[in-house]
1. Could you tell me which numbered condition Leu117 fails, if it satisfies all but one of (1) closer than 26 Å to Lys153 by Cβ; (2) touching a strand residue (DSSP E or B) at 6+ places or on another chain (Cβ under 7 Å)?
2. If you go through region 199-206 one residue at a time, do you hit one that is within 16 Å of the ligand (Cβ to nearest atom) and either surrounded by 18 or more Cβ atoms within 10 Å (Cβ to Cβ) or not acidic (Asp, Glu) (or both)?
3. Among the residues of region 86-100, count how many are assigned to a loop (DSSP other than H, G, I, E, B), under 13 Å from Gly70 (Cβ atoms) and hydroxyl-bearing (Ser, Thr, Tyr).
4. Could you list, in sequence order, all residues of region 229-256 that are among the hydrophobic types (A, V, I, L, M, F, W, C) and either part of a helix (DSSP H, G or I) or under 16 Å from Ile161 (Cβ atoms) (or both)?
5. Based on this model, can you work out whether Gly155 counts as within 20 Å of the chain's Cα centre (by Cα), over 22 Å from Arg266 (Cα atoms), of a type in the set (Gly, Ala, Ser) and within 16 Å of the ligand (Cβ to nearest atom)?
6. Name the pairs: first residue in region 298-309 and of a type in the set (D, E, K, R), second residue at pLDDT 95 or above and crowded, with 19+ Cβ neighbours inside 10 Å, Cβ to Cβ under 8 Å, at least 6 apart or on different chains?
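The values are calculated or read from the model by the stated rules, or taken from the named source; none is laboratory data. Because the structure is a prediction, the values reported are computed rather than measured. So basically every Cβ, Gly included, is an ideal-geometry build from the backbone, and we count neighbours across all protein chains shown.
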Amino acid sequence: MAIQILSREKKSKKVDFSQFLNGVPARDYVFQSAPYEQQIREAAQLLERADAVLIGAGAGLSTAAGLNYGGKRFTDNFREFIEKYGSAYMTDMYSAGFYPFPSEEAKWGYWSKHAWLNRVEPSAMPLYQTVYELVKEKPHFVLTTNVDHQFWKAGFADENIFATQGDYGEIQCARGCHDKVYDGTGLFHRMNLARKDCLVPTELVPRCPVCGGKMAMHLRCDQYFVEDEHWNEAAARYGAFLKEHKTDKVVPLELGVGFNTPTIIRFPFEQMVRENRDWALIRLNLDEAVVPESFGSRAVGINDDIARSLEDIRREAGAENLSIEKAGEKDEE
Ligand SMILES: [Zn+2]
């Protein structure tokens, strides 16, 4: 009996997520005044000189990549939901997810479509592939609050990704009665084919295999979010990456992280740059690229379309590689 308990303890190494969080914003935010082209050059140089890159990605990256939750992409794909539930509630995919669906058939009718459109059907978006191209030659790690699986699709290795808030491709017990998540992609496919009048047939509604209760999307939206073994392993690897590279030249490359949930990426990244003199922050954001003034040249905050800035940084980094190669060739001659 004692042996069993010991082995179970060894297997489930729970990681305390709060150790990675920080709720304290900087007091000296500024929009940097340097011209765009200069910022692009500085960002490219920081990446060139980095020993390791720590990517932090939020909703703004996926929006810039084309996985837009509103506008025509929403109205084109969710017309029948807007007609059924009303345009006052069905304004975009973010708000629609909070609609109080009256039944499990209605809930899964919506979520199977949402998950299909944002997680299952899209292949790797070019912008995510650009991120991969930028960092693939260096030690890197991805911390993301996005749940659309794009980092995996773009080529990042599972061992280098920690998606803290779940995944649209997975489902869990709605009460989190056991620490396991289940692949939902096959189910969503069947639901998509069978959906009528925004509802899925009752026989497709999933039930918890342990308690028999309702299932839910594997998304952190309440206290029942399941942190399964894979989640805990990813959290541990994130901690190990930070420890391993603490004294290296690390560039936190923050992409599209706003002020909705700044405690997971934005504030902790700032704290780490503050504490490690050799770290330098690159922050790309459409309109919230403020950086702490006290970081001086150890921060580049580019307030622009992320797709444009990333592409320009890659071009600049490529040009720099080229000039280094040319210089090398000359030396050999
Ligand atoms: Zn259950």
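1. (2)
2. yes
3. First, pick out the residues of region 86-100 that are assigned to a loop (DSSP other than H, G, I, E, B): 86-92, 97-100.
Now restrict to residues that are under 13 Å from Gly70 (Cβ atoms): 87, 90-92, 97.
Cutting the leftovers down to hydroxyl-bearing (Ser, Thr, Tyr) gives us 87, 91.
Residues in region 86-100 being assigned to a loop (DSSP other than H, G, I, E, B), under 13 Å from Gly70 (Cβ atoms) and hydroxyl-bearing (Ser, Thr, Tyr): 2 in total.
4. Matches in region 229-256: Trp231, Ala234, Ala235, Ala236, Ala240, Phe241, Leu242, Leu253, Leu255.
5. Numbers: within 20 Å of the chain's Cα centre (by Cα): yes; over 22 Å from Arg266 (Cα atoms): yes; of a type in the set (Gly, Ala, Ser): yes; within 16 Å of the ligand (Cβ to nearest atom): no.
For Gly155, the condition - within 20 Å of the chain's Cα centre (by Cα), over 22 Å from Arg266 (Cα atoms), of a type in the set (Gly, Ala, Ser) and within 16 Å of the ligand (Cβ to nearest atom) - is not met.
6. Correct list of pairs: Arg298/Val273; Arg298/Trp279; Arg298/Ala280; Arg298/Leu281; Asp304/Leu284; Asp304/Ala289; Asp305/Ala64.
Residues are listed down the side, and each one gets a yes or a no for (1) assigned by TED's automatic domain parsing to the domain that holds Phe267; (2) touching a residue at least 24 places away in the same chain (Cβ under 8 Å); (3) in contact with a strand residue (DSSP E or B) (Cβ under 7 Å, 6 or more places away or on another chain):
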{"site": "Phe17", "(1), (2), (3)": "no, yes, no"}
{"site": "Leu21", "(1), (2), (3)": "no, yes, no"}
{"site": "Gln39", "(1), (2), (3)": "yes, yes, yes"}
{"site": "Ala44", "(1), (2), (3)": "yes, yes, no"}
{"site": "Gly60", "(1), (2), (3)": "yes, yes, yes"}
{"site": "Asn77", "(1), (2), (3)": "no, yes, no"}
{"site": "Ser112", "(1), (2), (3)": "no, yes, no"}
